[in-house]
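Below is one structure, written out as structure tokens, with a few remarks after it.
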Amino acid sequence: MNVKQEVKKARKGDHEAFIRLVLDIKMNMYGLAFSILRSDEDCADAIQETILKAYKSLHTLKKAEFFQTWICRILINECHQVLRNKKRLVPVDNMEDMDQAKPASDYDSLDIRDAVEHLDEPLQTVIQLFYFRDMPLLSVAELLGITENAVKGRLFRARRKLLQILGDTPERKEKHGSERYRDEA
């Protein structure tokens, strides 16, 4: 598929061309959304909203060859919006338990994905793209519109915060102390 031609057609009102563009990257979109949201229903909501926003703002896409990068940026923003909205909601059946809830004091029981959710949004995003989606540094940088060095800096800060969240136990030091993190080059 020639992305430039399809974008050109879609900009001129060819709805089928836009559908072909989206269908061509639907699995990538789902994988990205699921790595952030971990819920099929939330993924569907985020992807649907992304497609709608992309369709309405297709005229703002500067270079047609970057359609996938552009729509993935929209998707990442939508996923984070879904997460923000979910944090504001308290299920009615859980309201009774709120008085009895104990503050989380022991983060050792958290798995890595839960720990990542405690990071700031920019740090979450680079961890999710680099580790969970296995994207190379350059691709992460292009997708987020930042430099490769900025991605490296965010990864460094994210790993440092994750160590704080998960605890720097003697076992972890022994297991990972002499090892370097995954090669970032």
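Would you confirm, using the coordinates I've provided, whether ASP114 is modelled with pLDDT under 90 and out of contact with any helix residue (DSSP H, G or I) (no Cβ under 9 Å at 6 or more places or on another chain)? Here the answer is no, as ASP114 does not meet what is asked. Is region 90-105 home to any residue that is over 23 Å from ASN28 (Cα atoms), modelled with pLDDT of 60 or more and of a type in the set (Val, Ile, Thr)? Checked region 90-105: no residue is over 23 Å from ASN28 (Cα atoms), modelled with pLDDT of 60 or more and of a type in the set (Val, Ile, Thr). Counting only helices (runs of 4 or more DSSP H) wholly contained in region 1-84, the ones carrying 3 or more residues that are over 22 Å from the mean Cα position of the chain (by Cα) and crowded, with 19+ Cβ neighbours inside 10 Å occupy 3-11.
Consider ILE165 against the criteria (1) under 16 Å from SER35 (Cβ atoms); (2) at pLDDT below 90; (3) of a type in the set (A, V, I, L, M): it satisfies all of them except one. Which criterion is unmet? The one condition ILE165 does not meet is (1). Where helices (runs of 4 or more DSSP H) sit wholly within region 111-159, those with at least 1 residues that are among the acidic types (Asp, Glu) and touching a His at 6+ places or on another chain (Cβ under 9 Å) occupy 121-127.
Candidates LEU138, LEU123: the one that is at pLDDT 85 or above, farther than 22 Å from HIS80 by Cβ and either open to solvent by less than 40 Å² (accessible area, probe 1.4 Å) or within 21 Å of the chain's Cα centre (by Cα) (or both) is LEU138.
The values are calculated or read from the model by the stated rules, or taken from the named source; none is laboratory data. The model shown is predicted, which means the values in this text are computed figures rather than measured ones. Positions of Cβ are generated from backbone atoms using ideal geometry, with glycine treated the same way; all protein chains shown enter the neighbour counts. For accessibility, only protein heavy atoms count, side chains too; no ligands or nucleic acids. Shrake-Rupley method; radii C 1.70, N 1.55, O 1.52, S 1.80 Å.
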